[in-house]
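Take a look at the structure set out below.
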Amino acid sequence: MINLMKADLYRIVKTKGFIIFWLISIMVSMTSIALHEPGGILLGGDFDLNGAQKLDIKQTAMNLLYYFLLIMPVFGIITAEFTEHTIKNTITSAVSKGRFYVAKTLFAIVYCLSCFLGANYIFYFVNRAVNGSKYSSSLGEFSKVLFGQFPVFVAIVSLFIFLAFFFKKGAAFNSIVIISPLVYSVILSILCDIDSTQKITEKLVKFEVSTMIGNLALGCSQSYRTDCYIVSAAVTVISCVLGYITWKNREV
């Protein structure tokens, strides 16, 4: 499995997705630092980005950007094997289907979360160097907020991995993971206008991915934080189990 992970690392850093990930991440971060305004993506939730939090904390509230950026490494690590028809060469007597799944899953999770942390810390240290303490929190405070979002991103990557093994085809995988949060937000906005579904909609909105990311960054109750972590843990476990079952029961 170690050799498989090494091969994935060697391959992923040579892909266009690797370059695009870091170009977009750095471009958004540097623009935010220059303008003293948080930048990224928000789809739902009612967030107060004019509060007392400093720029680095507000920036983490916009981390839905990494939902979309992390599609690229998962594609490069897993879906590309199916798209380029190299998977039959990878799975040999030395690498069983089970080991292949575990190696791919572990590497994708570790690699994606390392990129997520690395990109956020690059923003933090550059912002602190350029804008000083007026726009930056202490390292401990920033880290607490960032790692508070960690379970959500573990769930996101785990779900991506399951969908990559389920669909196999790159076009289907990309379409589903890109469109899903947009469609979910549109459906919620429609349901909000229907009296009979408003109570259910209010609960669904709380656990929309953009809402969770924003609230965990800007502040929320301990009970809501716990609920977010429970939802994230459930998505992680279910995704990993379903991904394994799907992969084991399919022909290569």
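Any idea what angle helix 209-218 forms with the longest principal axis of the chain, computed on alpha-carbon atoms, 0 to 90 degrees, nearest 10? Taking the Cα atoms of the chain, the angle to 209-218 is about 50 degrees. Between the helical axis of 139-148 and the longest alpha-carbon principal axis of the chain there is an angle of about 60 degrees. For the chain, the equivalent ellipsoid built from the Cα gyration tensor has semi-axes of 32, 24, 15 Å, listed from largest to smallest.
Estimated at 0.36 nm per residue, the fully extended path between K16 and L35 surpasses their Cα-Cα distance by 4.0 nm.
Peptide packing for 77-85, 176-184, 60-68 was compared via the average number of neighbouring C-beta atoms within 10 Å per residue; ordered from the highest value, the list is 60-68, 77-85, 176-184. Tell me the angle of helix 222-248 to the major Cα principal axis of the chain, expressed in degrees between 0 and 90 and rounded to the nearest ten. Helix 222-248 and the main axis of the chain meet at about 10 degrees. Listed values for the range 167-183 are Karplus-derived 3J(HN,Hα) couplings in whole Hz (6.51 cos²θ - 1.76 cosθ + 1.60, θ = phi - 60°), namely 8, 6, 6, x, 4, 5, 4, 4, 4, 5, 6, 7, 7, 3, x, 5, 5, and x replaces Gly and Pro. 3J(HN,Hα) along the range 119-135, derived from phi through the Karplus expression 6.51 cos²θ - 1.76 cosθ + 1.60 where θ = phi - 60°, amounts to 5, 5, 6, 4, 4, 4, 5, 5, 4, 5, 5, 7, 9, x, 5, 4, 10 Hz, with x in place of Gly and Pro. The calculated 222 nm mean residue ellipticity attributable to helices in the chain amounts to -23500 deg cm²/dmol, summing -39500 (n - 2.57) over DSSP H runs of n ≥ 4 and dividing by all residues. Each of the peptides 158-167, 113-122 was scored by the mean count of other Cβ atoms within 10 Å over its residues; in descending order, highest first, they stand as 158-167, 113-122. Describe numerically, in nm with one decimal, the distance between label points set 7 Å from Cα along Cα→Cβ at K203 and at T86. Result: 4.6 nm between the two label points. Amide H contacts of I41: L64, L65, each under 5 Å away and 5 or more positions distant or on a separate chain (H built 1.01 Å from N in the peptide plane; Pro and chain starts excluded). Taking the accessible area of the chain, probe 1.4 Å, and keeping the other protein chains in place, the carbon and sulfur fraction comes to 67%. Remark: the chain carries 50 Å² of accessible area per residue (probe radius 1.4 Å; ligands, DNA and RNA excluded). Within the same chain, lysines fewer than 8 places from K97 are excluded, and of the rest, those with a Cα less than 17 Å from its Cα are K88, K168, K248. Pairs from the table (K104/K169; K16/K54; K14/K169) lying more than 23 angstrom apart at Cα are K16/K54. Accessible surface of Y10 in the full protein assembly, 1.4 angstrom probe, to the nearest 10 Å²? Estimated to the nearest 10 Å², Y10 gives 150 Å².
The values are calculated or read from the model by the stated rules, or taken from the named source; none is laboratory data. In this text, all values refer to a predicted model and were calculated from it rather than measured experimentally. For neighbour counting, all protein chains shown are included, and Cβ atoms are generated from backbone atoms with ideal geometry for every residue, glycine included. To get the accessible areas, we keep the full protein, side chains included, count just its heavy atoms, and leave off ligands, DNA and RNA. Shrake-Rupley method; radii C 1.70, N 1.55, O 1.52, S 1.80 Å.
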